[in-house]
1. To test your reading of the geometry: what angle, between 0 and 90 degrees and rounded to tens, separates the Cα axis of helix 5-18 from the longest principal axis of the chain?
2. Diagonalise the Cα gyration tensor of the range 65-111 and give the resulting equivalent ellipsoid semi-axes, square root of 5 times each eigenvalue, largest first, whole Å.
3. Count neighbours as other Cβ atoms within 10 Å of each site's Cβ, and list the trypsin sites (Lys or Arg not before Pro) in the range 120-167 that are DSSP loop with at most 15 such neighbours.
4. As a test question: what accessible area, to the nearest 10 Å², does Met305 have when a 1.4 Å probe is rolled over all protein chains in place?
5. What is the angle, in °, between the Cα long axis of helix 547-561 and the longest principal axis of the Cα atoms in the chain? Nearest 10 is fine, range 0 to 90.
6. Can you list, bin by bin at 5 Å, the percent of alpha carbon pairs in the range 132-273, starting at 0?
7. Using the Cα centre of the range 59-147 as the reference point, and only Cβ charges (+1 on K/R, -1 on D/E), how large is the resulting charge dipole? Debye, rounded to the nearest 20.
8. Helix 93-104: angle to the longest alpha-carbon principal axis of the chain, degrees 0 to 90, nearest 10?
Amino acid sequence: MYSNNEVDNWVKEMAALANPKDIVWIDGSISQRKRLINECLKSGELIELNQDKLPGCYYHRSDINDVARVEKCTFICTKSKKDVGPTNNWMDSEEAYKKLTNLFRNSMEGRTMYVIPYLMGPSDSPFSKVGIELTDSKYVVLSMEIMTKTGSIAMDTLKNSPDFVKGLHSKGNLDPQNRYICHFPEDKTIWSIGSDYGGNALLGKKCFALRIGSYIGYHEGWMAEHMLIMGIENPQGEISYIAAAFPSACGKTNLAMLIPPDIFKGYKVWTVGDDIAWMRIGEDGRLWAVNPEAGFFGVVPGTSMKSNPNAMMTIKKNTIFTNVVLTEDKDVWWEGINLSAPEKATDWKGNPWSPESGEKGAHPNSRFTAPAKQCPCISPEWQNPKGVPISAIIFGGRRAKTAPLVYQSFDWEHGVFVGATMASETTAASTGDVGVVRRDPMAMLPFCGYNMGNYFSHWLEMGKRISKPPLIFNVNWFRTDDEGNFIWPGFRDNFRVLLWILNRCKGKVDAIKSPIGYLPKAKDINISGIENKLSEKTLESLLSINKEAWDKEIKDQAAWFEKFDTLPEEIKNQYKLLVERLEANLATATSAK
């Protein structure tokens, strides 16, 4: 493994602070991983699952107060508060270093410090970046080995360069009062203490790939986005790629691994990534994207052979399950798996559980961590150093009444406005109240590493530089009737909307110009085979604009934008134009190409 003086000196400095009993470098080898797994089995940090049913799979149970991202404990730390903006928690970087230095002092006493060099992105790609995470958690090591390329490959990529993201993590004593996930974008540094859960502890995930990554992209002229990347292959063998942003637990993984309905013979969906996209402008003037991750860290509840068969096939081996139900024969179960619940089992807290227990056996934010290469529909291009060219960008969220099933922005600038006003109901993927509608621009509210007003400006500037920009759309699978039932069937049938989107990208279908964007003609969305679930009349209602809902929407948008002191003039103008269009004639639509 390549030696790097900058890395060596930093590791020594952090070891002097945390005071571990020993230091182990992660080399990415199978033999080292097996040793770590055996140590975890002996200590109880992992439970070996039924190796006949789930070969290479293990169970991990986190502390009951450490089960999700905690946004109130997550900070962007800079010298000036204005660099962070109104949507992030800010802490003065000097104050943060001082506070966390006291918490990290001797935090690893009696423990091992693991040094994890990791590569984000395909090998030999100009997109890719190197990080080093120091941690006292074997669970983090084993998970990072799934989620990233660890060990020699990272150090060989870094060579003598000082350009790496520094990550220091300690479980500490898992005290929620002393839990901090601090990002220092100006120093390309992450310090996280007091949590051993996924996004707080796997520092390559949201911390590097999005919070630090978005800051780096802002300054280097590229984009780090909370987006899936998928390819759709038609019967002629042509593949078009889509990037889509949805808040956590809103169906990103399901969409990324979609299987088209049976009537669409010859079509196939390829998964490039299910969560994060790093995008740059190519020499051809198009936007090209890579998935910086090597694995999936997916929400388990609701995942089934009906909702996501490709995910179910992916997690049959070499997977770490966290906070699900553990059966007596060392199998796993969760709510929404569409299999009978075990009569006797152990819940995510480690307590005896049965279907009569009166509470959920799996935590709503329980997870699987699995290698992406195991996915049956993983794209042959997912490790292409160039990435894949993006034809369409999709925004989406859970809106019961407001957003229609799908609409297209008028142009890039309007598309940025659509993304900037995105809203969704909160879910169990973050702590706090569930079911509250909140703005989540580009699904980046918890993940933007700098002032979001400047983030909108960056999107606008990127649009000026992309000579062949993707078209931008908004989708809403979650519109409900008066009884609260979802109207659109969802899951595999979402493919029907994706085909309309690609037909618009290729200029194959017209659209109706509405005050909010271009709406489909109902006849252009193929509902063959689901007429019993969805009539054309019902589809037309899904594509309608509710005046009462949009009257409230524009008021909410105005209140949202008041938060920003760096809101771009283009966004202000787009809001003004939307209000004028809605006031002029909300119900009128004119045909347009």
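The values are calculated or read from the model by the stated rules, or taken from the named source; none is laboratory data. In this text, all values refer to a predicted model and were calculated from it rather than measured experimentally. FYI the Cβ positions are ideal-geometry reconstructions off the backbone, even for glycines, and counts take in every protein chain you see. Surface areas here come from the heavy atoms of the whole protein model, side chains and all, with no ligands, DNA or RNA. Shrake-Rupley method; radii C 1.70, N 1.55, O 1.52, S 1.80 Å.
1. For helix 5-18, the angle is close to 70 degrees.
2. 24, 17, 5
3. Loop-located and lightly packed - Lys159.
4. Met305 has an accessible surface of roughly 110 Å² with all protein chains in place.
5. Roughly 40 degrees between the two axes.
6. For the range 132-273, the binned pair fractions read 2, 9, 14, 16, 17, 15, 11, 7, 5, 3, 1, 0 percent.
7. 220
8. 50
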